[in-house]
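The values are calculated or read from the model by the stated rules, or taken from the named source; none is laboratory data. Since we're looking at a predicted model, the values are computed, not measured. Cβ placement follows ideal geometry from the backbone for every residue including glycine, while neighbour counts extend to all protein chains displayed. Calculation scope for accessible area: heavy atoms of the full protein, side chains included, ligands and nucleic acids excluded. Shrake-Rupley method; radii C 1.70, N 1.55, O 1.52, S 1.80 Å.
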Amino acid sequence: MTTLIATSVVRGSHQGESHGGVYLVDFERQSVRQVIDWNSADIDWQGRGWDRGLRGIAFDGERVFIAASNELFVYSPDFELLASYRNPYLKHCHEIAVYERRLYLTSTGFDSVLGFDLDANRFCFGLNIVAVGRRFQGSPFDPQRDNGPAPGNLLHLNNVYCDASGLYISGLKTGALVKFDGRTLRRAAGLPRGIHNARPFGDGVLFNDTAADRVRLVQSGREI
């Protein structure tokens with residue numbers, strides 16, 4: 001049977017209280033075990049989620065990567081903390097994804113996607129995204145330099161997914177699944193506003209319709 005790893009964000013928590021954690025859900029035993037309790041106090045408590053809780057999860061061999069708002073944590077399989085990494089352009093991170101030897105992170109607070117080199121253990125890539133009408137424009141930047149984008153949260157980028165066909169990005173306000181082929185950005189599929197976790201799936205797009213409390217699979221404009 002499968003054990004599911006999940007993170008949480010407790011939006012209603014107050015300073016000094018736990019505001020998230022990491023859980024192992026054992027389907028065979030029908031049990032849940034919390035392996036990390038996130039109660040960091042040195043965060044921004046404004047707004048809904050802001051710095052609260054833990055977000056994206058990804059794996060590289062025996063390393064478990066978990067994203068907080070502005071820090072990437074590395075754990076062993078038994079959740080011993082191995083390392084953590086920060087970058088000035090990482091803010092309000094949501095989902096993360098591994099493809100080949102790079103880990104991608106959404107930096108919601110900078111309308112950007114960052115890349116983390118899994119061999120060198122450093123941030124190595126940045127792409128700032130802006131909407132111009134129904135089109136999107138991307139500006140690459142080096143996250144190790146100080147000439148990157150200004151803070152901004154116009155698109156609320158919250159998900160990234162990568163495969164051999166390209167890098168796919170979406171957010172609450174993109175209204176589309178956006179594909180980056182290494183040179184240009186284009187709309188890969190239209191999406192409702194206010195969604196999370198959009199990614200290609202087979203011949204369609206799979207996403208979390210947050211407002212409707214449903215997971216949807218849409219193919220050729222038709223829901224499956």
* Flag for residue 119 being outside any strand (DSSP E or B) and either modelled with pLDDT of 95 or more or under 25 Å from residue 166 (Cβ atoms) (or both) -> yes
Q: Report yes if some residue within region 144-153 is polar (S, T, N, Q) and under 13 Å from the mean Cα position of the chain (by Cα); otherwise report no.
A: no
- Task: Taking residue 203 as the residue in question, decide whether it is at pLDDT below 90, charged (D, E, K, R), over 16 Å from the mean Cα position of the chain (by Cα) and open to solvent by 50 Å² or more (accessible area, probe 1.4 Å).
- Result: yes
Counting only residues that are in contact with a Leu (Cβ under 8 Å, 6 or more places away or on another chain) and loosely packed, with under 12 Cβ neighbours inside 10 Å, region 50-79 contains a total of 1
Note on residue 75: of the conditions (1) of a type in the set (Ser, Thr, Tyr); (2) farther than 18 Å from residue 144 by Cα; (3) within 11 Å of the chain's Cα centre (by Cα), unmet is (3)
Those residues of region 125-159 which are crowded, with 16+ Cβ neighbours inside 10 Å and part of a strand (DSSP E or B) amount to 125, 126, 127, 128, 129, 131, 136, 138, 141, 157, 158, 159
Would you check if there is a residue in region 168-185 being among the aliphatic types (A, V, I, L, M), over 22 Å from residue 205 (Cβ atoms) and either outside any loop (DSSP other than H, G, I, E, B) or over 12 Å from the mean Cα position of the chain (by Cα) (or both)?
no
Pairs returned, first residue in region 149-171 that is without any contact (Cβ under 8 Å) to a residue 24 or more places away in the chain, second residue that is surrounded by 15 or more Cβ atoms within 10 Å (Cβ to Cβ) and in a strand (DSSP E or B), beta-carbon separation under 7 angstrom, 6 or more apart or interchain, are 166/179; 166/180
Within region 80-98, the residues that are surrounded by fewer than 14 Cβ atoms within 10 Å (Cβ to Cβ) and either in contact with a His (Cβ under 7 Å, 6 or more places away or on another chain) or under 17 Å from residue 22 (Cβ atoms) (or both) are 80, 81, 82, 83, 84
Check your understanding: Among the residues of region 209-223, is there at least one that is under 22 Å from residue 89 (Cα atoms) and open to solvent by 30 Å² or more (accessible area, probe 1.4 Å)?
Key -> no
